[in-house]
């Protein structure tokens, strides 16, 4: 859960706040003059949510393609296409359910 802390208070309580973030996975919205200006989050959350570089995307894509190639070895093109079509239908159905729930 996010907590709000002013910059001045953060300066006084830095070690305690740092320990909460690092050990308890707490997050803090940092304010200056009651305006939110920054966020302090656990490193794992930062890594999970940061934008990926083009090189990272390409590396993940290559790994995925190799994984798919190995998983589909010995299967016909028709079987693979049928699986892809089924997966597309499944994802579209999940998207419709999500949109109906959110809408």
Cα gyration tensor shape for the chain, rounded if a/c is under 1.5, else prolate or oblate
prolate
Taking Cα atoms, how many degrees apart are the long axis of helix 54-71 and the longest axis of the chain, rounded to 10 and kept between 0 and 90?
40 degrees
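If I take every Cα pair under 8 Å that is 6 or more residues apart in the chain, average their sequence separation and divide by the length, what percent do I get for the relative contact order?
17 percent
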For an R0 of 35 angstrom, estimate the FRET efficiency from the Cβ-Cβ distance between residue 23 and residue 86 and round to the nearest 0.05.
0.20
Sort region 2-47 into rounded, prolate or oblate with this rule: let a ≥ b ≥ c be the square roots of the eigenvalues of the Cα gyration tensor; rounded if a/c is under 1.5, and if a/c is not under 1.5, prolate when a/b is larger than b/c, oblate otherwise.
oblate
Once you sort the root eigenvalues of the Cα gyration tensor of region 51-102 as a ≥ b ≥ c, which label holds: rounded (a/c under 1.5), prolate (a/b larger than b/c) or oblate (the other case)?
oblate
By how many degrees, between 0 and 90 and to the nearest 10, does the Cα long axis of helix 77-102 differ from the longest principal axis of the chain?
40 degrees
Antiparallel content of DSSP bridges confined to the chain, in %, to 5
50 percent
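Using R₀ = 30 Å, calculate the FRET efficiency as 1/(1 + (r/R₀)^6) where r is the Cβ-Cβ separation of residue 102 and residue 56; round to 0.05.
For R0 = 30 Å, the calculated efficiency reads 0.55.
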Using 1/(1 + (r/R0)^6) with R0 = 35 angstrom and r between the beta carbons of residue 47 and residue 8, what's the FRET efficiency to the nearest 0.05?
0.75
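Taken together, the values in this text are just the output of simple stated rules run on the coordinates, not laboratory data. Computed from a predicted model, the values in this text were never measured in an experiment. When we count neighbours, we look across all protein chains shown, and the Cβ atoms used for this are built from the backbone with ideal geometry, even at glycine.
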